[in-house]
Amino acid sequence: MPARIHAPAEARILGIWDYTLEAWGERQADNYVRGLIACIHSLENERNRWRAVRDKHLPGVWFVRYEHHFVFFRELSGGVVGVITVLHENMDLPNRLREDQKLADND
């Protein structure tokens with residue numbers, strides 16, 4: 001079953017594409033985002049890659065790394081992966097994750 005990409009994650013992915021387009025061109029933007037989406041859709045079958053977020057305020061949140069980004073997600077009913085957000089390694093990960101989690105909860 002395909003992953004569910006919540007609104008905050010979708011916005012971040014579009015932002016990644018825009019940034020990559022400006023910095024390295026359309027081909028690289030397409031390649032990077034395609035790889036990111038493939039990573040997201042492979043999560044359901046690659047549980048050995050999952051790492052738990054160690055934050056008592058975010059129980060049940062997992063992450064994997066894709067190149068320079070972290071994909072944060074939860075396991076939804078039926079084993080579906082619900083992607084909360086995608087954050088660059090240089091961002092303030094704890095604060096951005098908490099912000100996007102609140103938005104995803106309302107999605």
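Worth pointing out:
- So ARG34, is it assigned to a loop (DSSP other than H, G, I, E, B) and either out of contact with any Ser or Thr (no Cβ under 7 Å at 6 or more places or on another chain) or at positive phi (or both): no
- Among the residues of region 4-41, those that are surrounded by 14 or more Cβ atoms within 10 Å (Cβ to Cβ), out of contact with any Asp or Glu (no Cβ under 7 Å at 6 or more places or on another chain) and not aliphatic (A, V, I, L, M) comprise ARG4, GLU10, ARG12, TRP17, THR20, TYR32, CYS39, HIS41.
- Verdict on LEU36 being at pLDDT 95 or above and closer than 16 Å to PRO2 by Cβ: yes
- Filtering ASP55, ASP107, ASP100 for residues that are in a loop (DSSP other than H, G, I, E, B), within 16 Å of ARG4 (Cα to Cα) and acidic (Asp, Glu) leaves a single hit, ASP107.
- Residue, nearest to ARG98 (Cα to Cα), within region 50-74, restricted to residues that are at pLDDT below 95 and surrounded by 11 or more Cβ atoms within 10 Å (Cβ to Cβ): LEU58
- Every residue from region 57-74 that is at negative phi and over 13 Å from the mean Cα position of the chain (by Cα): HIS57, LEU58, PRO59
The values are calculated or read from the model by the stated rules, or taken from the named source; none is laboratory data. Computed from a prediction, not measured in an experiment: that's the story for all the values here. Quick reminder, even Gly has a Cβ in these numbers, built from the backbone with ideal geometry, and neighbours come from all protein chains shown.
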